[in-house]
Amino acid sequence: MKKILLLGTGGTIASEMSPDGLTPELGPQQLLRYVPAVSQLCEVDCLSLFSIDSTNITPAHWQEITRVLRDRYDDYDGFVISHGTDTMAYTAAALSYMVQGAQKPIILTGAQKPINYDSTDSKLNLLDAFTCACSNIIHGVCIVFSGRVILGTRARKTCSKSFAAFSSINYPELANLHDGRLMCYIEPEHRPVPRFYDKLDTQVGLVKMIPGTDFELLDFLLQRKDALVVECFGVGGLPSYDDDRLFETVRRYTEEGKFLVMTTQVQNEGSDLSVYEVGHRLKSNRRVLEAYDMTTEAALAKIMWILGQTKDAEEVARRFYTPVAHDILYRG
Ligand code: ASP
């Protein structure tokens, strides 16, 4: 029988109602009691890492999860991480860069309704997650939710209330689950030896353009951060307005060694800065990178991971455009 490690981190799946609203209370051992069928699939060890609403997740929690995965990697056939849904896509993206080339399944799951509710998605999601963690086909970091198996670099929470909360962005779902049967369409990248990375540069910000964005906002953020992810409009570009001050701000801070990652606030199909003058003029700046078809979550986690390893502009660009776990397909 396979051996799986269940890591508990909190979230709705483990929550109970309190006078102030839902709050995580149940540990991973208690979650398992609601899904006895898991014991027919595998042997499970449980580890409660933390018990928080995933709203409170920080990069330090990603590092903690990575440390446990590294230390226990050889002891188990697969891993299930129960996690709040609100930041699960960020954690999945971060783990995809911090644990690369894993040949074992590292499955994140959670739920929109607590496990002790009559009507809940918790039990099915947890059982599906164990089915994937025991499979010989799925490997690496994935989210398993509402019967969908989604690559960690491609997941996004797209519904705040429905059970089908996660979508795979600009990439097909890897597999689906029906009545406990796994139907795998795509085999994720396979490498014999996993690589674990602990260092992240967390001085990375995210800003969304709005009509009339003030250059002072970019100035404020770039002064304090090593890199800024910018969610532009459409295929991408910076507003020039009458005074070009946004471009001027970017030029000044990138000359000082900061990085910009241009992405789009449009969920599907990605960016292409080369199309319009407002984007094209940034292409010659080697410290301005383009996310293309990556998710914002993946672009953010990838630049944190890269800047944790190097600040050399050429190496940063090389790593950014090198695919990791199928995070980027289109590169101009
Ligand atoms: N606020 C919760 C969390 O992210 C939502 C959930 O788990 O569905 O922890």
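The values are calculated or read from the model by the stated rules, or taken from the named source; none is laboratory data. Keep in mind it's a predicted model, so treat the numbers as computed, not measured. Don't worry about glycine lacking a Cβ; one is built from the backbone with ideal geometry, like all the others, and counts go over all protein chains shown. Heads up: the accessible areas ignore ligands, DNA and RNA and are worked out on the full protein's heavy atoms, side chains in. Shrake-Rupley method; radii C 1.70, N 1.55, O 1.52, S 1.80 Å.
Which three semi-axes in whole Å describe the equivalent ellipsoid of the range 288-332, each the square root of 5 times a Cα gyration tensor eigenvalue, listed largest first?
One finds semi-axes of 16, 11, 9 Å for the range 288-332.
Just give me a number: lysine pairs in the chain, eight or more positions apart or cross-chain, with C-alpha atoms less than 21 Å apart.
28
With an 8 Å cut-off on Cα pairs and a minimum separation of 6 or more residues, tell me the relative contact order of the range 1-64 in percent.
45 percent
Output the 0 to 90 degree angle, nearest 10, between the alpha-carbon long axis of helix 215-224 and the longest principal axis computed from the alpha carbons of the chain.
Compared with the principal axis, the helix lies near 60 degrees.
Considering the convex hull of the alpha carbon atoms of the range 168-214, report its projected area averaged over all viewing directions, in nm², one decimal.
If I average the Cα hull's projected area over directions, I get 7.5 nm².
Give, in nm to one decimal, the length gained when the segment between residue 193 and residue 245 is fully stretched (0.36 nm per residue of separation minus the Cα-Cα distance).
Between residue 193 and residue 245, full extension yields an extra 14.0 nm.
Name the shape class, rounded, prolate or oblate, that the alpha-carbon gyration tensor gives for the range 66-185, where a ≥ b ≥ c are the square roots of its eigenvalues, rounded holds for a/c under 1.5, and otherwise prolate holds if a/b is larger than b/c and oblate otherwise.
rounded
Starting with the highest mean, order 68-79, 208-219 by the number of other Cβ atoms within 10 Å, averaged over the residues of each peptide.
Packing proxy ranking, top to bottom: 68-79, 208-219.
Return the distance in nm (one decimal) between the two label points of a simple spin-label model at residue 274 and residue 186, each offset 7 Å from Cα along Cα→Cβ.
My value for the distance between the label points is 2.3 nm.
Show me 151-157, 267-273 ranked by packing, highest mean number of other Cβ atoms within 10 Å first.
Packing order, densest peptide first, comes out as 151-157, 267-273.
Compute the acute angle (0 to 90°) between the alpha-carbon long axis of helix 122-133 and the principal axis of greatest extent of the alpha-carbon atoms of the chain; round to the nearest 10°.
Tilt relative to the chain: about 80 degrees.
What is the Rg over Rh value, at two decimals, for the range 220-332, using alpha-carbon atoms and the Kirkwood definition of Rh?
With Rg and the Kirkwood Rh in hand, the quotient comes to 0.93.
Can you give me the long-range amide H partners of residue 10? Hydrogens built in the peptide plane at 1.01 Å from N, cutoff under 5 Å, separation of 5 or more residues or another chain.
Hits under the 5 Å cutoff: 52.
Apply the Karplus parameterisation 6.51 cos²θ - 1.76 cosθ + 1.60, with θ equal to phi minus 60°, to every residue of the range 281-288 and state each ³J(HN,Hα) to the nearest whole Hz, in sequence, with x for glycine and proline.
Those phi angles translate into 5, 8, 5, 7, 7, 6, 9, 9 Hz.
Hey, what angle do you get for helix 88-98 against the long axis of the chain, alpha-carbon based, 0 to 90 degrees rounded to 10?
80 degrees
Would you compute, for the Cα atoms of the range 17-88, the largest minus smallest coordinate along each principal axis and list the three values in descending order, in whole Å?
Principal axes ranked by extent give 39, 30, 16 Å for the Cα atoms.
Could you compute how much accessible surface residue 55 exposes when probed at 1.4 Å, giving the result in Å² to the nearest 10?
Only protein atoms counted, so the area is about 90 Å².
Could you list, bin by bin from short to long, the percent of Cα-Cα pairs of the range 1-137 in 5 Å steps?
2, 11, 22, 25, 21, 13, 5, 1, 0
Roughly what would the spin-label model give for residue 70 and residue 103, points 7 Å off Cα along C-beta, in nm?
2.1 nm
At a threshold of 8 angstrom on Cα-Cα distance, excluding pairs fewer than six apart, so keeping six or more, what relative contact order does the range 1-155 reach in percent?
In percent, rounded to a whole number, it is 27.
Starting from the amide H of residue 186, placed 1.01 Å from N in the peptide plane, find each other amide H under 5 Å away whose residue is 5 or more places distant or on another chain.
none
Using alpha-carbon pairs under 8 Å, 6+ residues apart, how would you state the relative contact order of the chain in percent?
RCO, the chain: 15 percent.
Can you give me the distance in nm between label points at residue 223 and residue 179, each placed 7 Å from the Cα along the Cα-to-Cβ direction?
Going by the 7 Å Cα→Cβ label model, 6.3 nm.
Compare 178, 83, 139 in a GNM of the chain, Cα atoms joined below 10 Å, and give the one with the largest fluctuation.
178
Kindly provide the Kirkwood hydrodynamic radius of the chain in Å, to one decimal, from all pairs of distinct alpha carbon atoms.
20.4 Å
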